[in-house]
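Worksheet: the structure to be examined is printed underneath.
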Amino acid sequence: MNSLLSAQYNEIKGARGALFSYCRSLNNADLFKGVADFNDKTIISLLVHNANTYIHWLAQLDKSADIEFVKTADITSMDAIEKTYQLVDTIVNDFLIRYSADYTLPFTQNLPRKEYVVTVTPLQLFTHGITHEFHHKGQILTMSRLLGYTPVDTDVIRT
């Protein structure tokens with residue numbers, strides 16, 4: 001199953017690459033412009049949020065790595081975002097290797113920074129990360145439309 005999930009993640013990275021390429025075509029200032037319909041969130045802040053979701057669920061939850069959250073204020077360019085996602089790629093790869101014996105075996109863990117525990121499977125965590133990314137990718141494309149751009153196709157299968 002590791003090769004299947006790794007192949008799936010490679011497809012996710014391809015779609016992400018299409019999104020990053022599109023974001024590079026936008027006016028840099030618009031990447032950092034708050035969008036009122038999204039509670040003044042920015043395209044960059046959602047990209048950072050996606051990265052932090054992977055950090056939280058795939059590295060911090062089981063304490064496999066002492067990785068700090070990325071601060072939106074520290075991100076000043078698409079180059080910085082792409083560097084952040086190189087870290088995400090490493091986290092995902094390490095996660096898939098760490099749980100390759102059985103992605104369906106549940107484990108219970110205290111939720112970092114919260115007062116309760118969760119019981120999840122590695123497959124649920126991986127799925128959560130990628131679906132969460134695609135949810136916010138759609139929001140990013142909508143934000144760009146609200147900023148006056150015409151979004152491009154950033155799906156896994158692009159036509």
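The values are calculated or read from the model by the stated rules, or taken from the named source; none is laboratory data. Everything numeric here is computed off the predicted structure, so don't read it as measured data. Because the Cβ atoms are built from the backbone with ideal geometry, glycine has one as well, and the counts that use them run over all protein chains shown.
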From the option list 74, 62, 66, 37, single residue qualifying as of a type in the set (Asp, Glu) and under 17 Å from residue 141 (Cβ atoms) is 37
Within region 1-56, the residues that are aliphatic (A, V, I, L, M) and within 26 Å of residue 111 (Cβ to Cβ) are 1, 5, 12, 46, 47, 48, 51, 55
By residue number, the members of region 17-60 that are in contact with a Leu (Cβ under 7 Å, 6 or more places away or on another chain), of a type in the set (A, V, I, L, M, F, W, C) and outside any strand (DSSP E or B) are 23, 43, 44, 57, 58
Residue hits (region 137-156; under 19 Å from the mean Cα position of the chain (by Cα), hydroxyl-bearing (Ser, Thr, Tyr) and outside any helix (DSSP H, G or I)) are 154
Inside region 34-71, the number of residues satisfying the requirement of being farther than 29 Å from residue 119 by Cβ and either of a type outside the set (Lys, Arg) or crowded, with 17+ Cβ neighbours inside 10 Å (or both) is 13
Quick one: is residue 27 within 17 Å of the chain's Cα centre (by Cα), free of Cβ contacts under 8 Å to residues at least 60 places away in the same chain and exposed (fewer than 13 other Cβ atoms within 10 Å of the Cβ)? no
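For (1) assigned to a strand (DSSP E or B); (2) surrounded by 14 or more Cβ atoms within 10 Å (Cβ to Cβ); (3) more than 16 Å from the chain's Cα centre (by Cα); (4) not small (Gly, Ala, Ser), each residue gets a yes or a no:
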position	(1), (2), (3), (4)
83	no, no, no, yes
88	no, yes, no, yes
94	no, yes, no, yes
104	no, no, yes, yes
112	no, no, yes, yes
115	no, no, yes, yes
119	yes, no, yes, yes
135	no, no, no, yes
158	no, no, yes, yes
From the option list 131, 127, single residue qualifying as in a helix (DSSP H, G or I), modelled with pLDDT of 95 or more and exposed (fewer than 12 other Cβ atoms within 10 Å of the Cβ) is 131
